[in-house]
Structures are given as structure tokens and as C-alpha cells.
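Everything below concerns the one structure shown next.
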Amino acid sequence: MDSPFKADALKGKVALLTGGGSGIGFEISTQFGKHGASIAIMGRRKQVLDSAVSALNSLGIPAIGFVGDVRNHEDAKRVVDSTFQHYGHLDILVNAAAGNFLVSAEDLSPNGFRTVMDIDSVGTFTMCHEALKYLKKGGLGRTSSSGGTILNISATLHYTAAWYQIHVSAAKAAIDATTRNLALEWGTDYDIRVNGIAPGPIGDTPGMSKLAPDEITSKARDYMPLYKLGEKWDIAMAAVYLASDAGKYVNGSVLPVDGGLWLSRPRHLPKDAVRQLSRVVEKKSRNAPVGLPKSKL
């Protein structure tokens with residue numbers, strides 16, 4: 001699918017992406033590269049990183065991979081510093097690393113809860129904290145007179161509630177709060193824009209195969225406003241928009257990209273039944289007597 005953005009929308013930018021070697025993160029890496037950015041990827045699995053970097057290089061995209069765990073402060077610092085040392089500056093940070101699995105609250109151990117919080121929310125803040133000195137206006141290596149950009153990948157689970165994902169809901173809520181608070185503080189002090197993207201069900205991703213089996217997805221037809229799975233491309237295009245000058249006045253926003261699913265509720269009545277009920281109510285309304293005498297007290 002062709003991009004609606006100019007091929008040089010991110011020309012000269014350097015982007016560091018956690019979780020950028022697979023799934024949604026890799027698609028964002030690819031589209032950033034196709035729009036002119038140089039790419040650095042951070043991940044825990046060297047084989048995945050090497051494969052991703054090779055694929056990006058084959059497209060003519062400058063890319064490098066760094067093994068590291070966002071839960072480890074020293075890893076975060078090393079990768080951010082190494083990205084700067086390799087490219088000479090850092091303009092965009094994308095926090096896409098995440099942990100997820102289905103489990104009921106009563107069966108979830110505190111350690112399991114803490115693990116997802118550490119990866120998603122603490123890891124996001126740690127990466128932002130380490131990247132600040134390079135992203136801020138007047139920061140190290142910065143040639144632009146404005147600050148850099150941070151994108152935090154979130155979800156919509158916590159907008160209401162989600163079955164068997166209390167740990168992820170809590171972590172994503174923390175990410176959104178972090179996004180808004182950093183947008184306020186760092187937007188004011190350092191001209192850094194901080195925004196989020198909340199993906200819905202995206203096809204051909206590990207998350208979909210693990211969290212939404214086919215038999216569950218098929219039942220969603222009854223209440224998804226646009227019944228279809230999203231594509232990784234959809235999330236990547238939202239990222240290009242927010243990271244480019246097209247989104248230069250967007251700060252502190254979390255953009256749901258889910259076809260309106262977060263608005264959804266299962267139908268409590270079939271559409272035909274609602275129509276029939278409406279006709280009955282309308283008929284009663286037409287036949288109701290007008291000007292009834294007031295009741296006496």
C-alpha cells in the first residue's frame with residue numbers, strides 16, 4: 001500500500017525503537033526508514049535484531065541493532081548512548097517493547113503483574129529519561145532548533161476494562177499517564193512532543209495469535225464498528241504522521257487506531273427487533289390522547 005506521506009517526511013531523522021525488530025515495531029521501523037529516517041532497534045533477541053537490520057538494509061535503509069532489555073537501566077543507557085555515538089544525534093524515540101499474556105486476575109502472580117509493568121510502563125519511562133539529553137531543544141548533537149519526538153505505543157484496554165488482562169490494562173494506563181505528563185513538562189521546558197498510539201486488533205502479529213484466537217475474533221463481528229482487523233501499516237502511518245512535521249502541533253495525545261472498537265458494546269437486541277420495538281412505540285405515541293385533563297390532587 002502506498003504511503004500518503006512524502007518520501008522525505010522524516011529525512012535526516014534518527015529514530016530509536018524498542019521492540020522495533022518484530023511485529024508492529026518492525027513495521028514502524030520500516031516505514032520510518034522508507035520516509036528518510038535512519039534506524040536503531042533495541043531488543044532482547046539478537047537473532048531477531050540481526051534479521052530485522054538485514055531486512056532494513058536490503059531496502060536501502062540505514063539500520064543498526066542493539067541487544068538490550070528495557071527493564072535494565074544500564075541497558076537503556078548503553079543503547080541510547082550507542083545510538084547517538086553511531087549516528088551523531090537522536091530525533092525520535094518509539095517505545096514499542098511490550099509484554100502480554102492472558103490470565104485471570106486470581107491466577108496472576110504479583111511477579112507476573114510486576115513483569116509486565118516493568119517492561120511496558122517502567123521501561124517506557126526509563127528509555128524516555130535516558131533519551132532526554134539528546135532529544136531536548138539544544139541537546140547533544142541536535143541541529144534542529146526544536147526538540148525531538150517521543151511515541152509511546154499503548155492500547156485501549158484500560159478505557160473501560162478487559163477480560164484477563166488486568167496487568168496489561170494497568171501498564172498501558174501508566175504509559176498513557178506518562179505520555180501526558182511528559183508532554184506537559186518536556187513540551188514546555190524542552191520543546192519535545194510526546195504522543196501515544198493505541199492499536200486495536202492488528203492482523204499478522206504475535207499479539208493477535210496469542211490473545212485473540214480465530215473463534216473469538218469471529219464473534220466480534222456483532223459489535224466492532226468497522227469489522228476488520230487492522231494492519232501493521234495502519235499503525236506505522238499514524239506513527240509517521242505523529243513523528244513528522246504533519247503532526248507538529250500535536251502533543252500529549254493518545255491516538256486510538258482500532259476502527260472504533262474501543263467504543264463498542266455487544267448488541268443487547270438484534271437490529272430487526274429494535275426496528276419492531278420502535279414501530280410499536282411510535283404507534284402508541286400517535287394514538288395517545290391529546291389534552292388529557294389534569295389529575296386532581
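Phi angles across region 8-22 convert, under the Karplus curve 6.51 cos²θ - 1.76 cosθ + 1.60 with θ = phi - 60°, into 3J(HN,Hα) values of 9, 4, 10, 4, x, 7, 10, 10, 10, 10, 7, x, x, x, 8 Hz, Gly and Pro given as x. Backbone geometry of region 189-201 corresponds, through the Karplus equation with coefficients 6.51, -1.76 and 1.60 at θ = phi - 60°, to 3J(HN,Hα) couplings of 7, 10, 6, 9, 8, 10, 9, x, 10, 10, x, x, x Hz, x marking Gly and Pro. When the square roots of the Cα gyration tensor eigenvalues are ordered a ≥ b ≥ c, the ratio a/c for region 14-268 is 1.5 or more and a/b exceeds b/c, which makes its shape prolate. Overall, the anisotropy analysis places region 102-172 in the prolate class: the square-rooted eigenvalues a ≥ b ≥ c of its C-alpha gyration tensor yield a/c not less than 1.5, with a/b exceeding b/c. Distances between placed amide hydrogens fall under 5 Å for M42 paired with L17, T18, G19, G20, F66, all partners being 5 or more residues away or on another chain. With each label modelled as a point 7 angstrom along the Cα→C-beta vector, the R78-A246 pair spans 3.7 nm.
Cross-link pairs exceeding 20 Å in C-alpha to C-alpha distance, out of K172/K248; K34/K77; K136/K248; K137/K172; K11/K46, comprise K172/K248; K34/K77; K137/K172; K11/K46.
When the Cα positions of N95, T83, I166 are compared along the charge dipole of region 72-215, T83 comes out farthest toward the positive end, with charges on each C-beta of Lys, Arg, Asp and Glu.
For S146, the amide hydrogen comes within under 5 Å of no other amide hydrogen, counting only partners 5 or more places away or on other chains and with H modelled in the peptide plane. If you take all other residues with their beta carbon under 14 Å from the beta carbon of I235, and give Lys and Arg +1 and Asp and Glu -1, the sum is -4.
No lab work stands behind these numbers, since they all come straight from the coordinates. Please read these numbers as outputs of a predicted model, since none were measured by experiment. Cβ atoms come from the backbone with ideal geometry, glycine included; neighbour counts cover every protein chain shown.
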